[in-house]
Amino acid sequence: MTFPDTTAERAWTAAVGCVVVALVGGAVVFPDTVYGGFVWQYFWGPVVADAQGAHCAAWNGGAVELLATKGACAGAGGPVAFPGYTLVSEVGYAATLLGALVGVHFLLERLRIADSLALVYALTPFVLLGGVVRVVEDANNAAELFGTTGQPFLSYPANTLIISPVIYVVMFAVTLVAVVAAIAVARRTDAVETYHRPLAGIGCVLLAATLLGLGVLAASHDYITFIPVFTVLTLGGATVITAVTWAAARRWLPSVTSGTETVGAVVLWGHAIDGVANVVGLDWGAELGYPRGDLISKHPLNAYIVDATNAVLPQSVTHLIGDTWPFILLKVVAVLFVLSLFNEELRADAPRYTTLMLVAVLAVGLGPGTRDMIRATFGI
């Protein structure tokens, strides 16, 4: 077997190594500044606070203190980490994602797979699975905060495995194992022609099992319920938006749709799920029966959109139509722009790169959207 030129792989490895050495070295030499004020405050601290149900976690010179109230967090000295995301952490995750995608591209070249867009369909269940697994952690937190018929089924530090960003590493490992298993089945047996079907099958089984587990919790505990209207409205609304937008784009913007075929519609649908789930949960959660009022988003972008909408439209209007709906428009426009970058020439010259990037674009929309949809559906 011959492998491609490894010059680019060595350059990527060297770049990643330099970043790791800089962070580790800085953390050792300047622990309070580099680790406490950057790595911990924006990346690991939010996981610690989220995993233990704290309002925030204070660095406190390395003796981390979990705080339960907003006032205590405001008076804490040193770096303070809150559950959720910040602009710094989202930029850091985006940079990490881009670096990881380069490494995954090299891996796909080694495995000689992903030269077909069919892989996007096969991996879609795993993207859904990632969002649903994140809801498992939401249910775990709800058991501690609101439950009277059960205790949390995961405790710290085990629950950090399904909290961002650790869950991304876990899901990558699960998906990689599934890919290798599916390839082995396809190459060593005559039962299937390609690895795509067994891969999709593994993802569907894992997804169904996780949803079944949430269903069992809903049937047996009071801290989780079942409100299917959220899933019905989200899936229905996203499908209608996708169908109308994709039909219009194929007619009037063929350059946007020609490079990705129907996979582009799947990517658009994933981001429409994210947009509709946010609008349904954030604006209409209480009206649709969510037991704790409207959902609260952990993404800063949503807060900016809400603030911008309220600055432009009077309260009498936003009271009737909500203030989160521009997020759907932003999602649709952004996805159409991104899809316009994938033309037929790019697919022919770099098929694996095209497939990988489309999976990544799908994941950053469908993953969070699935979490919001399923979280609202189970009332947690």
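The values are calculated or read from the model by the stated rules, or taken from the named source; none is laboratory data. If you're wondering where the values come from, they're calculated on a predicted model, not measured in any experiment. Positions of Cβ are backbone-derived with ideal geometry, glycine not excepted, and every protein chain shown enters the neighbour counts. These accessible areas exclude ligands, DNA and RNA; they are computed on the full protein's heavy atoms, side chains included. Shrake-Rupley method; radii C 1.70, N 1.55, O 1.52, S 1.80 Å.
Laid out as a table, the results:
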{"quantity": "For the chain, calculated [θ]222 nm from helices alone, where every DSSP H run of n ≥ 4 adds -39500 (n - 2.57)", "calculated": "-22500 deg cm²/dmol"}
{"quantity": "Ser220 - accessible surface, heavy atoms, 1.4 Å probe, Å² rounded to 10", "calculated": "70 Å²"}
{"quantity": "Accessible carbon and sulfur surface of the chain relative to its total accessible area, %, 1.4 Å", "calculated": "69 percent"}
{"quantity": "Average accessible area per residue (Å²) across region 269-380 - probe 1.4 Å, nucleic acids and ligands excluded", "calculated": "44 Å²"}
{"quantity": "Two-site FRET efficiency, Leu145 against Ala63, from Cβ-Cβ distance with R₀ of 25 Å, rounded to 0.05", "calculated": "0.50"}
{"quantity": "Projected-area mean, region 68-225, by convex hull of Cα positions, square nanometres", "calculated": "12.4 nm²"}
{"quantity": "Chain lengthening between Ala11 and Val244 when straightened (0.36 nm per residue, less Cα-Cα)", "calculated": "79.5 nm"}
{"quantity": "Rounded FRET efficiency, nearest 0.05, which uses the C-beta distance separating Asn302 from Leu341 and R0 of 25 Å", "calculated": "0.50"}
{"quantity": "Coil-residue trypsin sites (Lys or Arg not before Pro) of region 272-333, DSSP, other Cβ within 10 Å capped at 13", "calculated": "Arg292"}
{"quantity": "P(r) histogram, all alpha-carbon pairs of region 150-273 included - 5 Å bins from 0, percent", "calculated": "2, 9, 10, 12, 16, 17, 16, 11, 6, 2, 1"}
{"quantity": "Convex hull of region 243-380 built on C-alpha atoms - directionally averaged projected area, nm²", "calculated": "9.2 nm²"}
{"quantity": "In order through region 313-321: 3J(HN,Hα) via Karplus (6.51 cos²θ - 1.76 cosθ + 1.60), integer Hz, x for Gly, Pro", "calculated": "9, x, 4, 4, 7, 5, 5, 8, 10"}
{"quantity": "At 1.002 mPa s and 20 °C, Stokes diffusion of the chain via Kirkwood alpha-carbon radius, µm² per second", "calculated": "95 µm²/s"}
{"quantity": "FRET efficiency for Val20 and Ser155, using Cβ-Cβ distance with R0 set to 35 Å, rounded to 0.05", "calculated": "0.75"}
